[in-house]
Amino acid sequence: MSHLDPVFWLIQVERIGFLGQGDVSAGWALAVVWGLAAPLTAWSAAMFATGRLNP
């Protein structure tokens, strides 16, 4: 169940970076983090472009 939590994947990337090991493989953890970051970045850019979110 914890694999559905995005924070789990962020912590795994940090554990792999600091300790060299984690509960999942480094490639899988990075893929999930990048997979979450890409649509959120696009959504944020769209919000700024349309003026619905002012800096």
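Only the coordinates and a few stated rules stand behind these numbers; no lab work does. Everything numeric in this text was worked out from a predicted model, so none of it was measured. Cβ sites come from the backbone with ideal geometry, for glycine too, and all protein chains shown count toward neighbours.
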### Label point distance in nm, ALA46-LEU10, each placed 7 Å from Cα along Cα→Cβ
2.2
### Summary
Rh_Kirkwood(the chain) over Cα pairs, Å, one decimal, evaluates to 12.6
### Task
Normalising by the residue count of the range 2-44, find the relative contact order in percent from Cα pairs under 8 Å and 6+ residues apart.
34
### Task
In whole Hz, with x marking every Gly and Pro, tabulate ³J(HN,Hα) for the range 20-28 from phi via Karplus 6.51 cos²θ - 1.76 cosθ + 1.60, θ = phi - 60°.
x, 8, x, 7, 10, 6, 4, x, 5
### Task
Compare the peptides 17-30, 37-50 by average per-residue count of other Cβ atoms within 10 angstrom and give them in order, highest first.
17-30, 37-50
### Task
Give me the angle, in degrees from 0 to 90, between the Cα long axis of helix 6-19 and the longest principal axis of the Cα atoms of the chain, rounded to the nearest 10.
50
#### Entry: Full-extension gain in nm, GLN21 to ALA37, via 0.36 nm per residue minus C-alpha separation
3.5 nm
